[in-house]
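Structure first, commentary second.
Read the figures in this text as sums done on the coordinates, not as results from a lab. Here the structure is a predicted model, which is why all the values come from computation and not from measurement. So basically every Cβ, Gly included, is an ideal-geometry build from the backbone, and we count neighbours across all protein chains shown.
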Amino acid sequence: MSRPATIKWNDDRVMMIDQTLLPGEVKVLEISDYKLIAEAIKSLRIRGAPAIGIAGAFGIVLGSRQFGGDNISDFKEHLEKVAAFLAATRPTAVNLEWAIRRMMEKAEKFTDAGIERMQSILLDEAEAILNEDIESCKKIGAHGAAILPESGTGLTHCNAGGLATGDYGTALGVIFSAVELNKSIKMYVDETRPLLQGARLTTWELQNQGIDTTLITDNMAGHVMAQGKIDFVIVGADRIANNGDVANKIGTYSVAVLAKYHDIPFYVAAPLSTIDFESRSGEQIPIEERAPEEVTQGFGRTTAPEGTTVYSPAFDITPHNLVSALITDEGIIYPPYGNLKDKILDSKKNKS
Ligand code: MRU
């Protein structure tokens, strides 16, 4: 099934699928105000680490066009405020701050070009971030597909598909690539409480590609592994620390522990832009906390007594010793991860 783009620029506006309405309704939002981009990121109309990076970049473009004056230092000050506003929406996915930083560095470099020229340079940069992300996903897919079995069943958590990226996906990109290579892959999908990205988005994407998909609630993962139904686990990441610790959707850590216990490979698929070399370990990664209502009102009905204290971290940290391999756009990284920055630089040197 063909569907609208997850996010794209069209005629002075940002178009994005409102993912809060999926799978019931495929509605495309048209946004021309950077504050509405921030709202869309915060309320998960667009979500997934690479996709919110792209949205942040387009947010900078919109913000640059919303400047009314003609003084370059006022323009730069305005852009700084726009960048800070967008960056404050969600703290965990490093792609958001990475994309915003890249946009601001571009703006800084072309300060002398004049406001109009800078606005167009910023649009080109945001389009480049989008296109590079799609390319990265294809590369992740190709690298990952090569290590999957000819025939087998995977389990994934949350949504790391085309909806979470520019297109195609990271963890799901690996599955799509494997199927394109005629590998016989079936998938189990954790529903992913509290916001059901697995149930609402991942099953939708996999079914649209004709992939045999079985939905389970999160607490069934151990049971299906014990029954021998799962050959590998594959998930995405919001931020990977320099030692290989992985921040991803809450519940990923539990799945990784279960996979280790059952001797099932646990793969993390992500572009290099998701690796945060500045975070020494998972302890340095900020974990977003979400509103209690997402837990207590999640199914269109009240599921806990009013006033119940709720703790709702949106992400958890999977320690690197539970990760069998990192599947990146530059290739597969196997343990020991050590210092990822050095490891990646060394492998780039060896390739050149
Ligand atoms: O809260 P979300 O839906 O933005 O969380 C998304 C995830 O945890 C994804 O697994 C991650 O961003 C990787 S997306 C390619």
Checklist outcome for this item: Log entry, pairs with first residue in region 39-58 being more than 15 Å from Lys27 (Cα to Cα), second being part of a helix (DSSP H, G or I) and of a type in the set (Asp, Glu), beta carbons closer than 6 Å, six or more apart or on different chains, reads Pro50/Asp133
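For the subset of region 13-71 comprising residues that are charged (D, E, K, R) and within 16 Å of the ligand (Cβ to nearest atom), which member is farthest from Ala84 (Cα to Cα)? Let's see the steps before the verdict.
As a first pass, look at region 13-71 and keep what is charged (D, E, K, R): 13, 18, 25, 27, 30, 33, 35, 39, 42, 45, 47, 65, 70.
Checking which are within 16 Å of the ligand (Cβ to nearest atom) leaves us with 18, 39, 42, 45, 47.
On the way: Asp18: 23, Glu39: 14, Lys42: 14, Arg45: 20, Arg47: 18 Å.
In this case the residue turns out to be Asp18.
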Item to check | Residue within region 125-143 that is within 30 Å of Gln227 (Cβ to Cβ), within 16 Å of the ligand (Cβ to nearest atom) and touching a helix residue (DSSP H, G or I) at 6+ places or on another chain (Cβ under 7 Å) present | outcome: yes
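Report the residue count in region 6-19 for those that are surrounded by fewer than 16 Cβ atoms within 10 Å (Cβ to Cβ) and either within 20 Å of the chain's Cα centre (by Cα) or closer than 19 Å to Ile134 by Cα (or both). Lay out the reasoning, then the answer.
Within region 6-19, the first condition is being surrounded by fewer than 16 Cβ atoms within 10 Å (Cβ to Cβ), and the residues that meet it are 10-13.
With either within 20 Å of the chain's Cα centre (by Cα) or closer than 19 Å to Ile134 by Cα (or both) added as a condition, the list becomes 10.
Going through region 6-19 one residue at a time, the tally reaches 1.
Mind telling me which of the residues Gly236, Gly244 ends up being on the phi > 0 side of the Ramachandran plot and not charged (D, E, K, R)?
Gly244
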Checklist entry - Any chance region 197-210 includes a residue that's polar (S, T, N, Q) and within 12 Å of the ligand (Cβ to nearest atom)? => result yes
Checklist outcome for this item: Selection over region 203-220 where residues are over 22 Å from the mean Cα position of the chain (by Cα) and crowded, with 17+ Cβ neighbours inside 10 Å yields a count of 0
Checklist outcome for this item: By residue number, the members of region 257-294 that are of a type in the set (A, V, I, L, M), away from the ligand (no atom under 12 Å from the Cβ) and either surrounded by 15 or more Cβ atoms within 10 Å (Cβ to Cβ) or within 23 Å of Ile333 (Cβ to Cβ) (or both) are Val257, Leu258, Ala259, Ile264, Leu272, Ile275, Ile285
Checklist outcome for this item: By residue number, the members of region 279-307 that are of a type in the set (D, E, K, R) and in contact with a strand residue (DSSP E or B) (Cβ under 7 Å, 6 or more places away or on another chain) are Arg280, Glu288, Glu289
Next on the checklist: Please go through region 159-183 and give me each residue that is outside any helix (DSSP H, G or I) and closer than 11 Å to Val235 by Cβ, ordered by number.
Outcome noted: Asn159, Ala160, Thr170
Item to check | Qualifying residue in region 73-89 (condition: within 13 Å of the chain's Cα centre (by Cα), touching a residue at least 24 places away in the same chain (Cβ under 8 Å), within 14 Å of the ligand (Cβ to nearest atom) and within 20 Å of Ile41 (Cβ to Cβ)) | outcome: no
Checklist entry - Of all residues in region 175-196, how many are under 19 Å from Ile230 (Cβ atoms), of a type in the set (S, T, N, Q) and crowded, with 20+ Cβ neighbours inside 10 Å? => result 1
Checklist entry - Name the residues in region 294-344 that are aliphatic (A, V, I, L, M), part of a loop (DSSP other than H, G, I, E, B) and within 19 Å of the chain's Cα centre (by Cα), would you? => result Ala314, Val323
Checklist entry - How do the pairs read when you match residues in region 59-71 that are free of Cβ contacts under 8 Å to residues at least 40 places away in the same chain with residues anywhere that are surrounded by 18 or more Cβ atoms within 10 Å (Cβ to Cβ) and among the charged types (D, E, K, R), using Cβ under 6 Å and keeping only pairs 6 or more apart or on different chains? => result none
